[in-house]
1. Within the range 177-193, how many residues turn out to be part of a strand (DSSP E or B) and open to solvent by 20 Å² or more (accessible area, probe 1.4 Å)?
2. State whether one or more residues within the range 110-126 are among the aliphatic types (A, V, I, L, M), touching a Lys or Arg at 6+ places or on another chain (Cβ under 9 Å) and part of a helix (DSSP H, G or I).
3. Is it fair to say Trp170 is closer than 28 Å to Asp69 by Cβ, assigned to a helix (DSSP H, G or I), open to solvent by less than 30 Å² (accessible area, probe 1.4 Å) and of a type in the set (Phe, Trp, Tyr)?
4. Do we have Val156 as assigned to a strand (DSSP E or B) and free of Cβ contacts under 8 Å to residues at least 40 places away in the same chain here?
5. For the range 46-63, how many residues meet the condition of being in a loop (DSSP other than H, G, I, E, B) and loosely packed, with under 14 Cβ neighbours inside 10 Å?
6. Test Val179 against the stated conditions and say whether it is within 17 Å of Asp79 (Cα to Cα) and aliphatic (A, V, I, L, M).
7. Kindly list the number of the only condition in (1) more than 17 Å from Val127 (Cα to Cα); (2) at pLDDT 95 or above that fails for Lys86.
8. Does at least one position in the range 68-83 carry a residue that is touching a strand residue (DSSP E or B) at 6+ places or on another chain (Cβ under 7 Å) and of a type in the set (Ser, Thr, Tyr)?
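The values are calculated or read from the model by the stated rules, or taken from the named source; none is laboratory data. All figures in this text were calculated on a predicted structure; none of them were measured in a lab. Cβ placement follows ideal geometry from the backbone for every residue including glycine, while neighbour counts extend to all protein chains displayed. Note: areas computed on protein heavy atoms with side chains; ligands, DNA, RNA excluded. Shrake-Rupley method; radii C 1.70, N 1.55, O 1.52, S 1.80 Å.
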Amino acid sequence: MRVVTALALIVLTGCSPSAAQPFTPIDLPADAGSRASSQQAVPTPKVETVQVAPGVRVVVEWPAAPGQDTTELIEVLRDYFAGVFKAVASKGRDTAYLDTVTDGASRDAVSWVQEFLDERRSVRGTVRLYALNVSSVTGPGAQLDACVDQSEMRLVYSSTGKAVPVQPDWTRKPFFQSVGIGRGDDGVRRIKLFRHAELPNDRAKGCLR
């Protein structure tokens, strides 16, 4: 099952940092220095659980103080993961995930879901998104980085719900995921491009905990 590798390693375009738009890490608010000097309370990260289908969940470990733009970008990634797993769990009947992707990402997402359907497989368990960070911004486009842990998920037969005897690698180790997100003419943010790195890549090593 090529669940992770089905997403092509694509170099994100239009997402490099802009000199006119300096980037502030999302876990450090723009006024972090003044807050520290005044010894105000540090915001506490939150954990959000999205019930996708019976026995299938997406857990998002939010950064401590995301701004509005960062929040919207994380919501797009959250909705994408919830959407594709809902499509798999519904045997392809739910296609709402298509609203979260465009361009090359749309083709990758459709192919990813279709592979499950062709092999008559589904999933059970929890996928975790953490270490979420906007790494670059250019105009309406941005690159969102995340760690993805699917070790609590199991590949199952869609007909019986029983676990497949030999589980694929994506159920064992976390990986690093980057997405290029743009804003369409309709004002909606969608994922345009995917790229990822698996262990032993250094980016993926940063996802170990």
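1. Adding up the residues that qualify gives 5.
2. yes
3. Against the criterion (closer than 28 Å to Asp69 by Cβ, assigned to a helix (DSSP H, G or I), open to solvent by less than 30 Å² (accessible area, probe 1.4 Å) and of a type in the set (Phe, Trp, Tyr)), Trp170 does not qualify.
4. The answer is yes for Val156.
5. So the answer is 2.
6. Yes, satisfied.
7. (1)
8. So far as the range 68-83 goes, yes, one or more of its residues are touching a strand residue (DSSP E or B) at 6+ places or on another chain (Cβ under 7 Å) and of a type in the set (Ser, Thr, Tyr).
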